[in-house]
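Participant: I'd like to ask some things about the structure below.
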Amino acid sequence: MSGLEVHNIGFRYGAKVALEGVSFAVEPGRFCALLGPNGAGKSTLFALLTGLLSAPEGTIHVAGHDIRREPTKALARMGVVFQQPTLDLDLTVAQNLRYFAALQGLSGREAATRIEGALDRLGMAERAGEKARALNGGHRRRTEIARALLHRPAVLLLDEPTVGLDAASRAAITDHVHRLAREDGLTVLWATHLTDEVDPSDDLVILHQGRVLRHATAGALTGGAPLTEVFLGLTRAAA
Ligand SMILES: Nc1ncnc2c1ncn2[C@@H]1O[C@H](COP(=O)(O)OP(=O)(O)OP(=O)(O)O)[C@@H](O)[C@H]1O
């Protein structure tokens, strides 16, 4: 499959089981919310998906590439937005992207075209010349998402990308990323503990105490009930 496939992943920190038998897949063009309370194992799963940790059990495929057997190919098809901001605040938006493009071996006209395209996609084209320091938190995050798209990944991973943002910025960013999945065919995995970031048509993986508690489209799981209530009910029942 050309999206993201996680099969039977397990991970322990010493005796502490962080993930056990975790399996799910996200198809191209789908937005999948990875929802879990603190300690559920989201950060550990992200570390495994991005190759920061290696799983002793199970397999991960990114755009058809096994992350253990073909790490370079797998990571080349992946864009990542980490929880902690990583922009150089003294550079402009465009300079931050140009630097990243150069790291990917892109320069000149090709880099400029991709930077323009990515900023445009995130509604940031008009801010290309502004220093990152002058941007609000939401626009900084959008810049990071644009940067993560420069090498044209098939799979985009975002680890709680809206932490610390106000409601309007959160809504704008979730909208933009939903559109990237829908219109550009990107495979999106969006880790969060905020249920209002999930649309009924999204795929939803609920992670709890290192296990997948539910995997379905959000609307099918809730049957129209508020997701917050369903989520709290499920995680309490399994506690
Ligand atoms: N270095 C470590 N050593 C021991 N246990 C750890 C370590 N890192 C995480 N854990 C434990 O593994 C489990 C999963 O942690 P993880 O950080 O992946 O969860 P999370 O869902 O990302 O939580 P949060 O949202 O708080 O980051 C938790 O019980 C946590 O206490």
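Participant: Pick from A171, A216: which is of a type in the set (A, V, I, L, M, F, W, C), assigned to a helix (DSSP H, G or I) and surrounded by fewer than 22 Cβ atoms within 10 Å (Cβ to Cβ)?
Facilitator: Details: A216 fails: assigned to a helix (DSSP H, G or I).
From the options A171, A216, the qualifying one is A171.
Participant: Listed residues A25, A47, A18, A33; which is part of a strand (DSSP E or B), within 16 Å of the ligand (Cβ to nearest atom) and either free of Cβ contacts under 8 Å to residues at least 40 places away in the same chain or over 17 Å from G210 (Cβ atoms) (or both)? Write out each step before concluding.
Facilitator: Numbers: A25 fails: within 16 Å of the ligand (Cβ to nearest atom); A47 fails: part of a strand (DSSP E or B); A18 fails: either free of Cβ contacts under 8 Å to residues at least 40 places away in the same chain or over 17 Å from G210 (Cβ atoms) (or both).
From the options A25, A47, A18, A33, the qualifying one is A33.
Participant: A further question on this structure: Would you confirm, using the coordinates I've provided, whether F82 is within 16 Å of the ligand (Cβ to nearest atom), closer than 25 Å to I173 by Cβ, at pLDDT below 95 and not assigned by TED's automatic domain parsing to the domain that holds L189?
Facilitator: Working: within 16 Å of the ligand (Cβ to nearest atom): yes; closer than 25 Å to I173 by Cβ: yes; at pLDDT below 95: yes; not assigned by TED's automatic domain parsing to the domain that holds L189: yes.
Yes; evaluated as a whole, the condition is true for this residue.
Participant: Residue under question is H178, and the condition is that it be of a type outside the set (A, V, I, L, M), surrounded by fewer than 21 Cβ atoms within 10 Å (Cβ to Cβ) and modelled with pLDDT under 95; does it hold? Give the derivation first.
Facilitator: Working: of a type outside the set (A, V, I, L, M): yes; surrounded by fewer than 21 Cβ atoms within 10 Å (Cβ to Cβ): yes; modelled with pLDDT under 95: no.
For H178, the condition - of a type outside the set (A, V, I, L, M), surrounded by fewer than 21 Cβ atoms within 10 Å (Cβ to Cβ) and modelled with pLDDT under 95 - is not met.
Participant: Across the stretch 28-69, which residue is nearest to the chain's Cα centre (by Cα) among those that are basic (K, R) and more than 24 Å from H178 (Cα to Cα)? Working first, answer last.
Facilitator: Of all residues in the stretch 28-69, those basic (K, R) come to 30, 42, 68-69.
After this cut, where a residue has to be more than 24 Å from H178 (Cα to Cα) as well, the list is 68-69.
Working: R68: 20, R69: 22 Å.
Filtering the stretch 28-69 for residues that are basic (K, R) and more than 24 Å from H178 (Cα to Cα), the one nearest to the chain's Cα centre (by Cα) comes out as R68.
Participant: For the stretch 219-228, how many residues are surrounded by fewer than 16 Cβ atoms within 10 Å (Cβ to Cβ) and either assigned to a strand (DSSP E or B) or within 24 Å of the chain's Cα centre (by Cα) (or both)? Steps first, answer last, please.
Facilitator: As a first pass, look at the stretch 219-228 and keep what is surrounded by fewer than 16 Cβ atoms within 10 Å (Cβ to Cβ): 219-220, 223-226, 228.
Of the ones still in play, those that are also either assigned to a strand (DSSP E or B) or within 24 Å of the chain's Cα centre (by Cα) (or both) are 219-220, 226, 228.
Number of matching residues: 4.
Participant: I've got another one for you. Can you give me the number of residues within the stretch 110-163 that are on the phi > 0 side of the Ramachandran plot and either touching a Cys at 6+ places or on another chain (Cβ under 8 Å) or touching a residue at least 60 places away in the same chain (Cβ under 8 Å) (or both)? Please lay out each step first, then the result.
Facilitator: From the stretch 110-163, those on the phi > 0 side of the Ramachandran plot are 123, 152, 160; that's our starting set.
Adding the requirement that they be either touching a Cys at 6+ places or on another chain (Cβ under 8 Å) or touching a residue at least 60 places away in the same chain (Cβ under 8 Å) (or both) leaves 160.
Total satisfying the criteria: 1.
Participant: Do we find that D66 is away from the ligand (no atom under 16 Å from the Cβ) and closer than 25 Å to V212 by Cα in this structure? Show your work before the answer.
Facilitator: Numbers: away from the ligand (no atom under 16 Å from the Cβ): yes; closer than 25 Å to V212 by Cα: yes.
So D66 fits the description; yes.
Participant: Specify the residue that is farthest from the ligand (Cβ to nearest atom); the eligible residues are those in the stretch 183-223 that are touching a residue at least 24 places away in the same chain (Cβ under 8 Å) and on the phi > 0 side of the Ramachandran plot.
Facilitator: G185
Participant: I've got another one for you. What residue, of G108, G79, G129, is small (G, A, S) and closer than 27 Å to G3 by Cα? Break it down stepwise before answering.
Facilitator: Values: G108 fails: closer than 27 Å to G3 by Cα; G129 fails: closer than 27 Å to G3 by Cα.
One residue alone meets the criteria, G79.
Participant: Ok, one more. Restricting to the stretch 50-63, name every residue that is within 16 Å of the ligand (Cβ to nearest atom) and assigned to a strand (DSSP E or B). Step through it out loud before you land on a result.
Facilitator: Going residue by residue through the stretch 50-63, those that are within 16 Å of the ligand (Cβ to nearest atom) are 50-58, 60.
Within the stretch 50-63, E57, G58, I60 meet the criteria.
The values are calculated or read from the model by the stated rules, or taken from the named source; none is laboratory data. Owing to the predicted nature of the structure, the values given are computational and were not obtained by experimental measurement. Counting neighbours? That spans all protein chains shown, and the Cβs are built from the backbone with ideal geometry, glycine included.
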